[in-house]
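Down below is the structure, laid out as structure tokens.
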Amino acid sequence: MRQAVVAKIEEIARRVAESEGMELVDVELKGGGKNQFLRISIDKPAGVSHADCELVSQQVGTILDVEDLLPGSYTLEISSPGIERKLLKPKDYERFQGKKARVTLRQAVENQRHWEGTLAGFSEGVISLEANGRTIRFPFEQVEKANLKFEW
């Protein structure tokens, strides 16, 4: 039931974001009952402004209220993914090739689940990461969580 609601919210948020020239990055729904918290992350090449967040918030909020997807009260937050954004989709690994990343795997590769390195490519479902002077490869499905790593 909850997954169906989140999928419907993702569909709405994607439609709104794309109509405004933005990309839907992530949708998170936390809590329940009267304490539901909905966070939607959006992005665009030039970066997300406060006005972009406000625009998407108004449009998505109106649709959610009309369709009554989240009965009762909820908190809606629209934000950019930030400089240490999550890597959630295969295209993220292509888009951010050459950038530093932190990756946690579901199962160890070379006796290690946590890796930091430079994204070196994505091909046929396999991610390449330059770490410790060598290239580590693992299937996209193996990723438990991953995000960009900010460099000073």
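Structure data summary
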read-out: For the chain, size of Cβ-based charge dipole, Lys and Arg +1, Asp and Glu -1, in debye; value: 560 debye
read-out: With at most 11 neighbouring Cβ atoms within 10 Å, loop GluC sites (Glu not before Pro) (DSSP) excluded, longest segment of the chain; value: 1-109
read-out: Pairs beyond 28 Å (Cα-Cα), from LYS8/LYS44; LYS8/LYS34; LYS34/LYS100; LYS44/LYS149; LYS89/LYS149; LYS34/LYS149; value: LYS34/LYS100; LYS34/LYS149
read-out: Listed values (i) 137; (ii) 125; (iii) 166, entry calculated as volume of the Cα convex hull per residue in Å³; value: (i)
read-out: Under 18 Å from the Cα of LYS99 - aspartates and glutamates, other chains or at least 8 residues apart; value: ASP43, GLU84, GLU116, GLU130, GLU151
read-out: Nonlocal amide H pairs with THR135, under 5 Å, H built at 1.01 Å; value: none
read-out: Value of Rg to Rh for region 1-41 (Rh from inverse mean 1/r over Cα pairs, i.e. Kirkwood); value: 1.02
read-out: Kirkwood hydrodynamic radius (C-alpha pairs) into Stokes-Einstein, region 90-148, 25 °C and 0.890 mPa s, D in µm²/s; value: 222 µm²/s
read-out: Options ALA46, THR135, GLY82, ranked by Cα towards positive dipole end of region 34-152, top entry (Cβ charges); value: THR135
read-out: Fewest-first ranking of VAL109, VAL25, using other Cβ atoms within 10 Å as the exposure measure; value: VAL109, VAL25
read-out: Simple Cβ-charge dipole of region 40-96, Lys/Arg +1 and Asp/Glu -1, about Cα centre, in debye nearest 20; value: 360 debye
read-out: For region 2-79: span of alpha carbons on each principal axis (Å, largest first); value: 37, 20, 19
read-out: Fraction of beta bridges assigned by DSSP in the chain that are antiparallel (%, nearest 5); value: 85 percent
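Coordinate-derived values only; no laboratory data. Source: prediction; values computed, not measured. Glycine also receives a Cβ, built like all others from the backbone with ideal geometry; neighbour counts cover every protein chain displayed.
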